[in-house]
Amino acid sequence: MQKEQVIIIGSGPAGLTAALYAARANLKPLVISGNQLGGQISITNEVENYPGFPEGASGPELVELMQKQAERFGARVLIDEVTEVDFSEGSPFHIKTHGDEFKADAVIVAVGASPNRLGIPGEEEFIGRGVSFCATCDGFFFRDKDVLVIGGGDSAIEEALFLTRFVTRVRVIHRRDELRAGEALKRRAFENEKIEFVWDSVLEEIRGDGKVESAFVRNVKTDDIVTLDTDGVFIFIGHLPNSSFFKGQLELDKKGYLITDERMMTSVPGVFAAGEIQDSIFRQITTSVGQGAAAGMMTERWLEEQE
Ligand SMILES: Cc1cc2nc3c(=O)[nH]c(=O)nc-3n(C[C@H](O)[C@H](O)[C@H](O)COP(=O)(O)OP(=O)(O)OC[C@H]3O[C@@H](n4cnc5c(N)ncnc54)[C@H](O)[C@@H]3O)c2cc1C
């Protein structure tokens, strides 16, 4: 069984930044990539809100640069997926992947979260070409455009309100006839002249030629289908943290996010977490990178305290 000082589970912005900091502390961290090397940004065409890139950068370009920078200081990236962890006996911790078994003095969990998908035709095909899961990231690209927002909870309505800064019209498609969002948000949405509601309705298909041009919307009460012409579809139907195999090992909140303290430490001393797996609020590259840096620094400090 291979023994490591630090294993980082996940190779998104949080994991690669934790690796950079741990590597620069001479801990030679091993990053286990998971099945999406680079994480969510690896499927993002254009990132315009990451500092240092005034002209923007593609997601894969950022991933490559982050990986290269961490490797320059001694981090190693293993293309494999963690299948099982055992943190029950404290450090050293046991980690299994499809191909190997490891022991690690400290672990940083950076397995991220995934936006829930509708699972309809056109959704995957048009990601980055009109389909988005983040208004903060992509709203700017839709200046003077017409967009649909899918969902009726707090985040859907917050994002719809944010989008009204850029677009001419937001149509909120919601499967029920009332919103689940809080009262204050609801009031602001109903008062906003750019927001319209399409009640009792679900999206069936997204269509276009190279970019989103229209969507089929079905009324769940009458089964009638209408075609709405639109430039963008923003989907906000929840996020799923990738925490299933930490259940019973680490403390999770009600939504399944890992709970960390101010030092990014989970409920098990020596196991740290960073990025979207422990952050249901900010969900940005910059914030995930910041949390990864903090986890890398705190891991080094914790290991030193154990000596
Ligand atoms: C389409 C899209 C566009 C976006 N655009 C922007 C943008 O323009 N600007 C912005 O700031 N944010 C954007 N975001 C959000 C941003 O990508 C995330 O906030 C950020 O990637 C979170 O980083 P993370 O490292 O916490 O997790 P993730 O990026 O989710 O990475 C998680 C990592 O964990 C790995 N993993 C999962 N399970 C396992 C396992 N069992 N074993 C090993 N590894 C595992 C995965 O392979 C992956 O490498 C976008 C998101 C999406 C989906």
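The values are calculated or read from the model by the stated rules, or taken from the named source; none is laboratory data. All figures in this text were calculated on a predicted structure; none of them were measured in a lab. Quick reminder, even Gly has a Cβ in these numbers, built from the backbone with ideal geometry, and neighbours come from all protein chains shown.
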| remark: In the range 144-188, anything β-branched (Val, Ile, Thr) and part of a strand (DSSP E or B) is listed as 147, 149, 150, 170, 172, 173
| task | Please tell me if residue 221 is under 20 Å from the mean Cα position of the chain (by Cα) and not in a helix (DSSP H, G or I). | result | no
| message | Being closer than 18 Å to residue 290 by Cα, among the polar types (S, T, N, Q) and at pLDDT 95 or above is the filter here; which residues of the range 1-45 pass it? | response | 11, 17
| message | Checking residue 211 against (1) free of Cβ contacts under 8 Å to residues at least 40 places away in the same chain; (2) more than 18 Å from the chain's Cα centre (by Cα), only one condition comes out false. Which one? | response | (1)
| request: Identify, from the list 163, 179, the residue that is at pLDDT below 95 and under 27 Å from the mean Cα position of the chain (by Cα). | output: 179
| query | Does residue 267 count as outside the structural domain of residue 156 (by TED's automatic domain parsing) and either touching a strand residue (DSSP E or B) at 6+ places or on another chain (Cβ under 6 Å) or within 16 Å of the ligand (Cβ to nearest atom) (or both)? | reply | no
| query | Regarding residue 240, is this residue modelled with pLDDT under 95 and not in a loop (DSSP other than H, G, I, E, B)? | reply | yes
| request: Kindly list, by first and then second residue, each pair from a residue in the range 16-41 that is farther than 15 Å from residue 106 by Cα to a residue that is of a type in the set (Asp, Glu) and within 11 Å of the ligand (Cβ to nearest atom), limited to pairs with Cβ atoms under 7 Å and residues at least 6 apart or on different chains. | output: 33/80; 34/81; 35/81
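Just to be sure, is residue 259 within 11 Å of the ligand (Cβ to nearest atom) and of a type outside the set (Asp, Glu)? It would help to see each step written out before you state the result.
Working: within 11 Å of the ligand (Cβ to nearest atom): no; of a type outside the set (Asp, Glu): yes.
Against the criterion (within 11 Å of the ligand (Cβ to nearest atom) and of a type outside the set (Asp, Glu)), residue 259 does not qualify.
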| request: Sort out for me the strands (runs of 3 or more DSSP E) sitting completely within the range 1-88 that have 3 or more residues that are within 13 Å of the ligand (Cβ to nearest atom). | output: 2-9, 30-32, 82-86
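Have a look at 121, 115, 92 and point out the one that is farther than 26 Å from residue 3 by Cβ and more than 13 Å from the ligand (Cβ to nearest atom). Outline the logic, then answer.
Numbers: 115 fails: more than 13 Å from the ligand (Cβ to nearest atom); 92 fails: farther than 26 Å from residue 3 by Cβ.
Unique residue meeting the criteria: 121.
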